[in-house]
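**Q** Dropping a structure here in structure tokens format, bear with me for questions.
Read-outs throughout are calculated quantities, based only on the coordinates presented, and are distinct from any laboratory measurement. Quick caveat, the model's predicted, so the values are computed rather than measured. Here the Cβ is made from the backbone with ideal geometry for all residues, glycine too, and neighbour counts use every protein chain on show.
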Amino acid sequence: MLALAGMTTAGPAHADPADCSAWMDTHLPASERADLVTAQMTLDEKLGMMHAVSDSTHDRETLPIPRLCIPALRLNNGPAGVGSSGPVQAQTTALPAPLGLAASFDPAVARAYGVVEGRETRDTGRNLMEGPDINIARTPLNGRTFEAYGEDPYLAGRIAAGNIDGIQSQGVIADAKHYLANNQETDRDQVDEHIDERTLHEIYMPAFEESAKRSGSIMCSKNKVNGAYACEHQALLQGVLKNDWGYRGFVVSDFSSCHDTVRCATGGLDFELPNGAHYGDPLKTAVQSGQVPMATVDEHVHRILSTMFRFGLFDRPQATRPIDARRDGAVSRTAAEAGTVLLKNSGGVLPLRKDRSVALIGPGAGNAAATGGGSVGVAPLYKVSPLDAFKKRGVTVEYAEGMPPVDLGPQPALPSYTMTSEDGGHGWTARHYDNTTWTGEPKLTRVDPWIDMDPTGGIPAPGLPPNGWSIRWTGTFTAPVDGDYTFNLTNHAHATLYLDGASVLDNNGGFPGVTKSVTVHLTAGQRHSMRVDWAKPNAQAMIELSWAPPPNTPDVQIAEAVQAAKKADTAVVFVANKDTEAIDRSSLALPGYQDKLVEAVAAANPRTIVVLNTGGPVSMPWAGKVAGLMEAWYPGEEDGNAMADVLLGDTDPSGRLPITFPKSLADTPASTPEQYPGVNGVATYSEGLRVGYRHYDAKNIEPLFPFGYGLSYTTFAYRNLTVHGHGTDITVGADVTDIGHRIGTAVPQLYIGAPDEPPAQLKGFIKIRLRPGQTRHVAFTLDSRSFASWDTASHGWTVTGGTYRIMLGTGSRDIRLRHEIHLPPTKS
């Protein structure tokens with residue numbers, strides 16, 4: 001660097017027009033171009049580069065500096081596609097949940113996924129994608145488990161590398177998050193996570209270390225780590241990330257995650273979101289008073305500018321362009337199929353035959369389960385439901401809703417059969433207005449079966465602005481039985497529930513949704529007018545009106561599902577939850593009465609298959625009663641087509657579990673209050689290295705479904721294990737043969753068992769497609785890091801020496817081939 005190599009100056013005092021030609025020379029290295037422009041910046045201009053602007057026309061972006069030819073840095077939400085927040089709220093491709101991407105066990109799929117994210121970030125006029133999320137799944141209750149890549153650091157690092165390379169191949173900056181240990185949403189803004197040094201380096205840091213080799217930016221998390229806020233943590237940011245790993249990108253704060261101006265500036269935080277609460281006037285005062293050296297500001301600005309130069313942001317116009325929905329939708333479909341995990345297939349019930357009838361049951365059968373909730377939400381360009389996809393393929397279908405959708409509320413949405421719209425049908429009359437006061441002529445009047453909407457739906461009616469609209473739902477509710485009825489209104493932004501003209505619930509909401517409830521005693525057969533008013537002034541919004549009826553209420557929709565199941569050769573029940581940022585789950589149970597629905601359908605048809613659209617593990621009390629079971633996560637906008645392809649056998653289910661499915665919460669690694677969610681603001685990581693399958697293996701606990709597990713429509717044989725090499729530079733090989741009668745996809749996984757470590761740790765995997773009878777030789781290359789553990793005495797990686805077990809199999813609990821080697825102690 002030029003200016004930073006010696007004494008740093010404050011830059012010019014006045015903002016005179018500058019000749020940009022020196023730093024606009026694309027032949028110069030990015031670092032040198034950043035030196036040149038930084039030297040010409042005023043203090044105010046430098047501070048303007050260090051924080052975003054958030055107002056009615058800007059969101060997650062800096063203002064351009066025309067006199068210096070500096071373009072705006074424009075961030076967008078991720079990591080399951082280009083997020084729908086901000087002033088524009090563009091519709092983009094809804095990709096499968098990142099946890100489903102990890103289930104693909106395929107960095108090439110991750111790269112293609114990232115290419116779509118990067119390309120559509122540019123398509124919408126932005127230049128930094130907030131993703132991937134690479135936090136390790138410590139507890140299955142974490143509301144953001146679906147946003148990341150599961151419980152294993154090696155898998156997370158490989159998938160993150162592919163995703164980041166894909167994003168950045170489009171000239172867009174990737175933003176790996178959340179550094180470090182954002183492993184729970186409960187108390188996330190202040191929880192202090194106590195994690196020992198070895199566990200940090202072996203479990204929670206490796207995926208970030210891998211990402212730091214390539215990602216242009218890294219986002220620090222909201223929580224504390226060992227007493228200090230992550231975005232003020234000098235040891236983590238300046239020490240490990242920038243000094244030890246040599247990271248040359250810049251660090252972005254999570255929203256409102258800087259708490260002290262001086263500690264953030266001197267600790268290594270380069271850029272503040274969502275605004276300049278600390279990096280605006282407070283930082284200017286700190287610089288002028290000498291609390292923060294000008295050289296520190298210059299370093300922050302230099303990191304941001306040099307990254308912008310590296311990715312060509314200075315050298316191309318920032319303009320929107322049309323999205324190729326067909327091309328990007330095809331990638332979404334491929335990724336959804338690649339991550340679908342077949343968990344059970346009794347009697348070869350799958351794949352389904354196209355000439356046999358099928359009952360599609362559940363709220364996810366008629367509506368695509370596109371994405372999870374919170375800031376990851378994407379407003380999709382289109383959505384394909386399983387019902388649409390099966391009908392398009394000419395399959396004879398019986399359809400039953402089974403129950404209304406369950407999103408963020410505590411119960412299913414109020415079902416349509418209890419409501420009468422103004423035209424006499426089932427449901428609500430919905431009037432959509434282009435203002436927040438329900439005045440004037442509505443832009444659209446229609447009948448909605450229920451009140452259930454989340455940010456992924458985009459603008460709810462043609463002609464409405466991105467912000468500043470309102471909806472009024474009206475209808476007549478008829479009580480099915482005598483008893484107490486609880487109505488739950490869950491919403492972001494303001495909503496009110498009226499019963500017989502009186503306001504009974506007034507909810508100011510909150511992100512992503514706040515629930516308020518009211519209980520009323522009603523008489524069977526009586527009709528009551530109901531109205532819900534909801535106004536969306538800005539930003540994201542969701543709303544759901546759910547109910548908890550008296551226990552003697554007849555299960556009208558379950559009865560309909562049972563009849564549909566009896567008519568069909570096979571029944572497929574789609575069950576779901578809706579995980580979201582800012583809210584952890586309270587249990588592993590499916591919400592609503594979905595367990596009861598599955599039990600009833602399985603009793604009516606022994607050929608019952610369950611498809612899980614979940615953000616992570618759930619309990620399955622009915623697992624032994626169904627013939628087939630498939631985990632499809634949140635499959636994105638191509639949900640229906642992907643599920644039809646896999647269920648009908650056009651595509652082999654090739655996903656493998658990136659996270660262990662436990663039998664109960666008591667079996668999980670962080671099962672005490674002290675561990676999770678913490679006591680007195682402290683979460684103690686006393687499980688240490690025993691995270692995920694490492695815990696189940698070490699404690700000899702049988703999971704419901706283990707890490708790495710997944711079936712195929714064919715079977716594979718593993719033979720001829722070979723181990724060659726010198727010292728820790730070793731190549732492991734084996735032959736894999738398709739011994740079934742169909743084309744299938746195998747995912748050989750290599751685990752290492754090391755002294756003083758968990759029994760097995762993933763150190764390699766590969767995905768291969770084989771024809772019946774075909775054999776392929778697979779090979780894995782290991783090095784010293786593959787065998788190393790973190791030594792707290794030397795603060796470095798060390799091969800402790802001794803006997804190491806090399807294990808090759810189809811998952812953490814299905815090892816097919818084994819070999820032992822002896823290694824001397826060495827420093828990695």
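**Q** Give me TYR154, TYR247 sorted ascending by neighbouring Cβ count inside 10 Å, so fewest comes first.
**A** Working: TYR154 19, TYR247 22.
Lowest count first: TYR154, TYR247.
**Q** When we measure straight from the Cα of LYS663, which lysines land under 19 angstrom away, once same-chain ones fewer than 8 places off are left out?
**A** Once the sequence-local lysines are set aside, what remains near LYS663 is LYS344, LYS596, LYS625, LYS699.
**Q** Whose amide H sits under 5 Å from the amide H of PHE705, counting only residues 5 or more places off or on another chain, with H placed in the peptide plane?
**A** The list, which skips near neighbours in sequence, is PHE661.
**Q** So, one more: When the label point is put 7 Å from the Cα of ASP729 along its Cα-to-beta-carbon vector, which residues of segment 752-791 have a backbone N closer than 19 Å?
**A** It comes to 779-788, nothing else.
**Q** Modelling each spin label as a point 7 Å along the Cα-to-Cβ direction, I'd like the ARG326/VAL556 distance in nm, to one decimal.
**A** The modelled label-to-label distance comes out at 4.3 nm.
**Q** With both bridge residues required to lie in the chain, what share of the DSSP beta bridges run antiparallel, to the nearest 5%?
**A** On the way: 108 of 148 bridges.
In the chain, DSSP labels about 75 percent of beta bridges as antiparallel.
**Q** Let me have the 222 nm mean residue ellipticity of the chain computed from DSSP H runs of 4+ only, each contributing -39500 (n - 2.57), with the sum over all residues rounded to the nearest 500.
**A** Helix-only estimate at 222 nm: -5500 deg cm²/dmol.
**Q** Relative contact order of segment 714-828, please, whole-number percent, based on alpha carbon pairs below 8 angstrom and at least 6 residues apart.
**A** Here the relative contact order equals 26 percent.
**Q** How many angstrom lie between the Cα centre of segment 121-189 and the Cα centre of segment 623-688?
**A** 17 Å
**Q** Using the Cα centre as the reference, give the magnitude of the dipole from point charges on the C-beta atoms of the chain (Lys, Arg: +1; Asp, Glu: -1; all else neutral), rounded to the nearest 20 debye. Before the final figure, lay out each step's value.
**A** Numbers: 71 positive and 91 negative charges, 446 e Å.
With Lys and Arg at +1 and Asp and Glu at -1, about 2140 debye.
**Q** Also, quick follow-up: What shape does segment 39-310 take by its C-alpha gyration tensor, where a ≥ b ≥ c are the square roots of the eigenvalues and a/c under 1.5 counts as rounded, a/b above b/c as prolate, and the rest as oblate?
**A** oblate
**Q** Right, another one. With both partners inside segment 39-310, how many of the DSSP beta bridges are antiparallel, as a percent to the nearest 5?
**A** That works out to approximately 25 percent antiparallel.
**Q** Another question, if that's okay. Convert each backbone phi in segment 467-476 into a coupling constant with the Karplus relation 6.51 cos²θ - 1.76 cosθ + 1.60 (shift: θ = phi - 60°), then list the ³J(HN,Hα) values in order as whole Hz, x for Gly and Pro.
**A** Rounded to whole hertz, the list is 9, x, 9, 8, 10, 10, 9, 10, x, 10.
**Q** Here is a further query. So how do ASP324, ASP388 line up by other beta-carbon neighbours within 10 Å, fewest first?
**A** The order, fewest Cβ neighbours first, is ASP324, ASP388.
**Q** Calculated from the structure, mean projected area of the Cα convex hull in nm² equals which of [x] 56.1; [y] 38.5; [z] 36.0?
**A** [z]
**Q** Hey, another quick one. May I ask you to evaluate 6.51 cos²θ - 1.76 cosθ + 1.60, the Karplus curve with θ = phi - 60°, for each residue of segment 169-185 and list the ³J(HN,Hα) values in order in whole Hz, giving x for glycine and proline?
**A** With the stated coefficients, segment 169-185 comes to 5, 9, x, 10, 7, 8, 10, 5, 9, 10, 8, 8, 6, 7, 9, 7, 9 Hz.
**Q** Using 18 Å as the cut-off for backbone N distance, which residues of segment 191-220 belong to the label zone defined by a point 7 Å from the Cα of ASP756 along Cα→Cβ?
**A** Output list for this probe position: 196-203.
**Q** Let me ask you something else. Just rank SER332, SER789, SER217, fewest to most, by other beta-carbon atoms within 10 angstrom.
**A** SER789, SER217, SER332
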